[in-house]
Amino acid sequence: MNCQLVPSILSADFNCLGDQIRELEQEGIQLLHIDVMDGMFVPSITFGMPVIASLRKNTSLFFDIHLMVQEPIRYISDFKEAGADSITVHYEACTDLDATIAAMREADVKVAVSLCPETPVTEIEPYLDKVDMVLVMSVRPGFGGQQLIPETLEKVRQLKEIRDQRELSYTLEIDGGVNRDNLAEIVKCGTELVVAGTAVFRGEIGENVRMLKEVIAHAS
């Protein structure tokens, strides 16, 4: 698949979030990344099902829900009901990842697993034939505006190699510290979905999206 830009609303202005999402739609954005934080797995707290359900009423964008939540299996059906199309859980947050994956399949959402910067790819290898997407965190989860950790790009390369060797079909996504200066390298390492927050929402959204898309097109 071609590499796509996936704006993260963590960096949006919640006072005019609906208008900003409509602007993203006008720029041809197809996926929206929505970070849910519980104050337990990560220190920050963001928002939950009511906000997502409210957004779902006003947009048909694909909702890429990223649960930075301890034991996310507790909430899979609730987020599906709120409007999730894809749910990402953290390997580090699940006592029983197999059961959590099964719950996502039962809820009929796309299944994604994320790993933190310090977690090696080998930890999630047993699950790679069961997922639709792998999210590589290129910053430590919990806060926006961090700098990308360069070593995490090697994980994308490893996951791409494993996918090719085992003839698997998961999509590769990266999240954290994405900006105009490092985007080309991110794309070239094999990333297919690039999550960007500050780089999209700081300043003029349409102009930012067009610029980032242009970098992706040249790097692809």
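The values are calculated or read from the model by the stated rules, or taken from the named source; none is laboratory data. All figures in this text were calculated on a predicted structure; none of them were measured in a lab. Here the Cβ positions follow ideal geometry from the backbone for every residue, glycine too, while neighbour counts run over all protein chains shown. Each accessible area value is taken on the protein alone, full model and side chains, heavy atoms only, with ligands, DNA and RNA left out. Shrake-Rupley method; radii C 1.70, N 1.55, O 1.52, S 1.80 Å.
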* To do: State all residues of segment 202-220 that are open to solvent by 20 Å² or more (accessible area, probe 1.4 Å), in contact (Cβ under 8 Å) with a residue 60 or more places away in the chain and outside any loop (DSSP other than H, G, I, E, B); if no residue qualifies, say none.
  => 210, 213
* Would you be able to say whether some residue in segment 125-138 is farther than 27 Å from residue 43 by Cβ and assigned to a loop (DSSP other than H, G, I, E, B)? => yes
* **Filtered residues of segment 143-167 (kept if surrounded by fewer than 18 Cβ atoms within 10 Å (Cβ to Cβ) and assigned to a loop (DSSP other than H, G, I, E, B))** => 143, 144, 145, 146, 147, 149, 150, 151, 167
* Asked: Within segment 168-182, is there a residue that is open to solvent by 10 Å² or more (accessible area, probe 1.4 Å) and assigned to a helix (DSSP H, G or I)?
  -> no
* Scan segment 159-172 and report the pairs whose first residue is touching a residue at least 40 places away in the same chain (Cβ under 8 Å) and whose second residue is open to solvent by 80 Å² or more (accessible area, probe 1.4 Å) and outside any helix (DSSP H, G or I), with Cβ atoms within less than 9 Å and a gap of 6+ or a chain change. => 171/1; 171/110
* Counting only residues that are among the β-branched types (Val, Ile, Thr) and within 17 Å of the chain's Cα centre (by Cα), which one in segment 99-118 is surrounded by the most Cβ atoms within 10 Å (Cβ to Cβ)? -> 113
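When segment 14-30 is examined, which residues are found to be open to solvent by 20 Å² or more (accessible area, probe 1.4 Å) and closer than 21 Å to residue 68 by Cβ? Steps first, please.
Narrowing segment 14-30 to residues open to solvent by 20 Å² or more (accessible area, probe 1.4 Å): 14-16, 18-20, 22-23, 25-28, 30.
Correct list: 14 only.
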* Asked: Considering only segment 84-96, how many residues are open to solvent by 10 Å² or more (accessible area, probe 1.4 Å) and not aromatic (Phe, Trp, Tyr)?
  -> 5
* **Selection status of residue 190, part of a loop (DSSP other than H, G, I, E, B), surrounded by 14 or more Cβ atoms within 10 Å (Cβ to Cβ) and touching a Pro at 6+ places or on another chain (Cβ under 7 Å)** => no
